[in-house]
Amino acid sequence: MSLPKNEDFGFIGIVIALILVFFYFILGISGAMSALGIMLFFTVPSYIILGNFDLSHEEKIVFAFFIGVGIFPSIVYWLGMFISFKIAIFITFVLLVAAGFTAKSFRHR
């Protein structure tokens, strides 16, 4: 597994900025915030969990998005039946990030 180079982080930042600008011009500030939220809430927790496996950087990004699209809304929906959806989103994000770090600590033992 190779770590991304500093040039890759710059490229990733430019791509994210272009995506946000596109959604801003098409849908306004709410579209840009929605795109940012999707990137943050769907991808980051799954990416942390997939960091425990021997996958390349690109594979983790793609798998994290598609796994996040399936898992995150499902958990939020079921929690939202019992509590507020805003709180359910926050709890789900925290639980998935904690699961990623817990799996990382068990893997290094």
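Read-outs throughout are calculated quantities, based only on the coordinates presented, and are distinct from any laboratory measurement. None of these values were measured; they are calculated from a predicted model. Here the Cβ is made from the backbone with ideal geometry for all residues, glycine too, and neighbour counts use every protein chain on show.
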> Okay, helix-only estimate at 222 nm for the chain: each DSSP H run of n ≥ 4 adds -39500 (n - 2.57), divide by all residues, round to 500 deg cm²/dmol; what do you get?
Replying inline: -26500 deg cm²/dmol
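How large is the translational diffusion coefficient of the chain in µm² per second when you combine the Kirkwood radius over alpha carbon pairs with Stokes-Einstein at 25 °C and 0.890 mPa s?
Taking Rh from Cα pairs, D becomes 161 µm²/s.
Kirkwood Rh over Cα pairs of region 39-88 into Stokes-Einstein at 37 °C, 0.692 mPa s: D in µm²/s?
Details: Rh = 11.4 Å.
Calculated translational D: 288 µm²/s.
When Lys and Arg each count +1 and Asp and Glu each count -1, what net charge do the other residues less than 12 Å away from Ile49, Cβ to Cβ, add up to? Before the final figure, lay out the partial values.
Values: positive: Lys60, Lys104, Arg107; negative: none.
With Lys, Arg at +1 and Asp, Glu at -1, the net is +3.
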